[in-house]
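Chemist: Here it is, the structure in full.
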Amino acid sequence: MKITIVGAGYVGLVTGACLAAIGHDVVVVDRDGPKIAALRRGVMPIYEAGLDRLVAETAAAGRLSFETSLAPAVATSQAVFICVGTPPRPADGHADLASVYAVAAEIAQALAGFTLVVTKSTVPVGTGDEVEAIIREVAPDARVAVVSNPEFLREGVAIADFMRPDRIVVGGEDDGALGLMAALYAPITDAGSPLVTTNRRTAELIKYAANCFLALKITYINEIANLCEEVGADVEDVSRGIGLDSRIGAKFLKAGPGFGGSCFPKDMLALMKTAQDHGVPLRSVETAVAVNDARKGEMVRKIIRAAGGSVQGKSIAVLGLTFKPDTDDMRSAASLIILPRLIKAGASIRAYDPAGMAHAAPLLPGVVMAASALEAAEGADLAVLVTEWAEFSTLDLGALGRVLKNPLLVDLRNLFDPLAAERSGLRYVSVGRGD
Ligand code: UGA
């Protein structure tokens, strides 16, 4: 199938490269000229494992190309995917759909022959109706079907998530269009991934309901971690003990400093607003947002307590800055709240992150960046692990203890075995396992 992807951001690039890899002819369009020029040279605007290789392979095979003008690509495509951003509007937290609607109008002007218009961006319920209305207004005679096909890609493992998804969700009002979408994804569903077909509004809601549910799971285990600390229980074992119940499931039950990233916080806010507007507030989601916000303060208090009640005049080595490992993304990272509060409490901070320091430096004024974990820790009063990068799990804890002034490690991700940490001479404080 000939496909146009509008938006060369994270979702657009991964979707474009993966659709090309399963045999489609894909053009990725973005009006950002320098970005498209860089992509043509094989330079990725984002850090995602394996993406540069997949782009190079599919481009070399002639199935993936990059353009700045939308009209010629749309006119020759059977499907057009809208993959532009939907950030929260600062004023009210609603998802900002200006780019989605502008793209819909532009697509409408270029349509020729029957075309599927697919919204992949995360959009509030009813956006597909509005996209269709815009297209019908601009091009009343266009032969078009507007379909919702939300993405469930996790940063860092997005290609695997696309190629072997737990499910593909497609929502539309037209059986012919749903059939075409099924054909488009056949290489993936033939390999065993289920396809959920439904109406458009349901598909749009599934995306938000999924993200918010995962965020609820994390929030729940974080509160259980607090209780574990009070009653002398071990949250890692609680997690395992409940996660093995197939009704609960083991994933997204890892306690930590609270969820971050570009998706969960934004999508919770957007779903909360939608629900409030419809007079059916989602109290569980509202509470989870508040609990997750408070979590950062709890982590700061934990660090200060571990440091003996004050960090005034103390130097802290911070390991990991990004919102999770295997990404350079700093959006809603726990470090952005925790570190400034520690500085305000009188600490000085030297930090190291394997991929996030370039993005982090301007966001964290006053934090000195180091070239390695051990360099960050050299002479510091304590070390705090904020992001569970794999390279930290193989860190020589004995060496860490020796370069620190005080051998104290506060691990906000429970990356280490407490016994092993204590054996290497560290005082080890973690989450939900007693101090
Ligand atoms: C999330 C969803 O997992 C994807 O399915 C979805 O497609 C994506 O949002 C999106 O809407 O585009 P992502 O934001 O990349 O993906 O990151 P996650 O791996 O879900 O992690 C989110 C946050 O939760 C991170 O801060 C992570 O550290 C935290 N987390 C995750 C925990 O604290 N505990 C866990 O057990 C799992």
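The values are calculated or read from the model by the stated rules, or taken from the named source; none is laboratory data. Because the structure is predicted, anything quoted here is derived from the model rather than measured. Neighbour counts run over all protein chains shown; Cβ positions are idealised from the backbone, glycine included.
Chemist: Only one residue in 209, 191, 183, 215 is buried (at least 16 other Cβ atoms within 10 Å of the Cβ) and not polar (S, T, N, Q). Which one?
Modeler: Answer to the selection: 215.
Chemist: Looking at segment 299-322 only, could you name the residues that are in a loop (DSSP other than H, G, I, E, B), under 20 Å from residue 370 (Cβ atoms) and not charged (D, E, K, R)?
Modeler: Correct list: 307, 311, 313, 320, 321, 322.
Chemist: Return yes when residue 4 is among the polar types (S, T, N, Q), more than 19 Å from residue 158 (Cα to Cα), modelled with pLDDT of 95 or more and not in a loop (DSSP other than H, G, I, E, B) and no when it is not. Full working, then the answer.
Modeler: Numbers: among the polar types (S, T, N, Q): yes; more than 19 Å from residue 158 (Cα to Cα): yes; modelled with pLDDT of 95 or more: yes; not in a loop (DSSP other than H, G, I, E, B): yes.
Yes; evaluated as a whole, the condition is true for this residue.
Chemist: Could you pull out the residue among 353, 396, 411 that is surrounded by 23 or more Cβ atoms within 10 Å (Cβ to Cβ) and over 22 Å from residue 432 (Cα atoms)?
Modeler: The match here is 353.
Chemist: Tell me the helices (runs of 4 or more DSSP H) entirely within segment 352-435 that contain at least 2 residues that are farther than 20 Å from residue 255 by Cβ.
Modeler: Result: 357-363, 373-377, 397-403.
Chemist: Right, next: Of 82, 46, 5, which residue is buried (at least 23 other Cβ atoms within 10 Å of the Cβ) and in contact with a Phe, Trp or Tyr (Cβ under 6 Å, 6 or more places away or on another chain)?
Modeler: When all the criteria are applied, what remains is 5.
Chemist: What pairs come out if I take residues in segment 265-279 that are of a type in the set (Lys, Arg) and pair them with residues that are more than 15 Å from the ligand (Cβ to nearest atom) whose C-beta lies under 8 Å away, six or more apart or interchain?
Modeler: Once the first residue is of a type in the set (Lys, Arg) and sits in segment 265-279, its partners that are more than 15 Å from the ligand (Cβ to nearest atom) give 273/92; 273/93; 273/94.
Chemist: Being part of a loop (DSSP other than H, G, I, E, B) and out of contact with any Gly (no Cβ under 7 Å at 6 or more places or on another chain) is the filter; apply it to segment 330-350 and report the residue that is surrounded by the most Cβ atoms within 10 Å (Cβ to Cβ).
Modeler: 347
Chemist: Right, something else. Give the residue, chosen from 398, 434, that is modelled with pLDDT under 95, small (Gly, Ala, Ser) and touching a Gly at 6+ places or on another chain (Cβ under 7 Å). Full working, then the answer.
Modeler: Working: 398 fails: modelled with pLDDT under 95.
Just one listed residue meets the conditions, 434.
Chemist: Restrict the check to segment 243-260 and report whether at least one residue is part of a helix (DSSP H, G or I) and more than 9 Å from the ligand (Cβ to nearest atom).
Modeler: Yes; the residues of segment 243-260 include at least one that is part of a helix (DSSP H, G or I) and more than 9 Å from the ligand (Cβ to nearest atom).
Chemist: So, one more: Would segment 10-18 turn up any residue that is small (Gly, Ala, Ser), assigned to a helix (DSSP H, G or I), touching a Cys at 6+ places or on another chain (Cβ under 7 Å) and under 27 Å from residue 261 (Cβ atoms)? Don't jump to the end; show me each part of the working.
Modeler: Step one: of segment 10-18, the residues small (Gly, Ala, Ser) are 12, 16-17.
Now narrow it down to the ones that are assigned to a helix (DSSP H, G or I): 12, 16-17.
With the extra rule that they be touching a Cys at 6+ places or on another chain (Cβ under 7 Å), the set shrinks to 12.
Now drop any that are not under 27 Å from residue 261 (Cβ atoms), which leaves 12.
Yes; the residues of segment 10-18 include at least one that is small (Gly, Ala, Ser), assigned to a helix (DSSP H, G or I), touching a Cys at 6+ places or on another chain (Cβ under 7 Å) and under 27 Å from residue 261 (Cβ atoms).
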